[in-house]
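Here is the structure we will look at, set down as structure tokens.
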Amino acid sequence: MRKNQIVVEGGYKILVVDDEQGIIDSMTIFLRRSGYSVTGITNPLEAIERMKVEKFDLLVLDYLMTPIHGDKVIEEVRKFDKSLYILLLTGHKDLAPPLQTIREYDIQGYCEKSDNPNQLLLLIESALKSVDQVKTIKKINEELVESKAQLEKAYLETVEALRLTVEAKDAYTRGHSDRVAYYSRALAKEMGLSEVEQERIYIGGLFHDIGKIGVPDEILKKAGKLTDDEYSEIKNHPLIGHQIISATSIFEDICPIVKHHHERYDGRGYPGNLKGKDIPLYARISALGDAFDAMTSDRNYRPRLTLQEALLEIQKNCGTQFDPELGLQFIKYVEREKDNISAELNHKFR
């Protein structure tokens, strides 16, 4: 059996598992130059045993290996570590793992091997931003366990602090989350949901784009059209956000909003391709608030729609993008409050 190559540099600890020693060598050198601590292992069975006794921040894992493939490695790892961030690589597009496998084992990142190391570095940087946020929230949660009296205050402060972090990265997000929260709570009230549920949906709206903390700045701020790879990176933000929020039990009720607000009623959304009523109710509500504010806001690639144009788009997409019953209720709410909403929209762009 080939020897492991272990390089320790300070900073985040990354485990690279690939049964080709040449790939281990090249990735180790590349990641070491980027300032990371790297452990490279060529035997996936040995890697599993190593992870049982040593904590890593990120696992970069090849899919096709001997004596077992990457999905089997992940299956074993998830038995003792549910939170490890895993980036799965493959050099064979036609032999990629099925989507069901990616969902089942909570594989947070997946990409094809290429000769361009910068793409992999961007994915790793995004992954470690997410890992860092998870650590921060876990630390906050542990500190609050002994002080229940401060829990609610710290909860709201954490919401605000993380939300402002995202808004500082993305000019479009600035104010967007507040408006999504407002519209979503209004729809929840329209539906007759309890005040407790309305508040959960409101907080979920504030938090829904928190996963953008793990998206590279150059993609968020890009003025032109995104490439397919860049769009795929953007589409990771619900899973990144879910990993951040699910790190602490106080956010449990809003996790479905963060993870599933980009699902579509016809099943063609992401990240889970959920369909119809399989999409959590809170997420179906927030999806309408999110889309409505997006349509009535200026974007890099198009001017904002009028209120009436936005409502026509929602009506047209009821049953495909949106829950048809909720869509009609949202339209009813906006039409009843159109004067107030129009005034707010005019104020926003003044």
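A few notes on this one:
- Some residue of the stretch 277-297 being open to solvent by 10 Å² or more (accessible area, probe 1.4 Å), at pLDDT below 95, more than 18 Å from V180 (Cβ to Cβ) and not in a loop (DSSP other than H, G, I, E, B): no
- Applying the criterion of being within 15 Å of M51 (Cα to Cα) and more than 22 Å from the chain's Cα centre (by Cα) to the residues of the stretch 61-75, the residue that is most open to solvent (accessible area, probe 1.4 Å) is K72.
- Within the stretch 298-316, being open to solvent by 30 Å² or more (accessible area, probe 1.4 Å) and of a type outside the set (D, E) holds for R299, N300, Y301, R302, P303, R304, L305, T306, Q308, L312, Q315, K316.
- Within the stretch 213-266, being at pLDDT below 90 and of a type in the set (F, W, Y) holds for Y231, F251.
Table: residues versus (1) part of a helix (DSSP H, G or I); (2) more than 19 Å from D132 (Cα to Cα).
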| position | (1), (2) |
| --- | --- |
| A188 | yes, yes |
| L193 | no, yes |
| Q198 | yes, yes |
| I203 | yes, yes |
| I213 | yes, no |
| E218 | yes, yes |
| E233 | yes, no |
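- Residues considered: L239, L326, L312. Of these, the only one that is in a helix (DSSP H, G or I) and under 28 Å from L128 (Cβ atoms) is L239.
- Checked against (1) open to solvent by 70 Å² or more (accessible area, probe 1.4 Å); (2) in contact with a strand residue (DSSP E or B) (Cβ under 7 Å, 6 or more places away or on another chain); (3) more than 16 Å from A186 (Cβ to Cβ), L328 passes all but a single condition, namely (3).
- Evaluating A171 against the criteria (1) in a helix (DSSP H, G or I); (2) modelled with pLDDT under 90; (3) open to solvent by 50 Å² or more (accessible area, probe 1.4 Å); (4) of a type in the set (A, V, I, L, M, F, W, C) leaves one unmet condition, (1).
The values are calculated or read from the model by the stated rules, or taken from the named source; none is laboratory data. On a predicted model such as this, the values are computed, not experimentally measured, just so you know. Counting neighbours? That spans all protein chains shown, and the Cβs are built from the backbone with ideal geometry, glycine included. Accessible surface areas use protein heavy atoms only, side chains included; no ligands, DNA or RNA. Shrake-Rupley method; radii C 1.70, N 1.55, O 1.52, S 1.80 Å.
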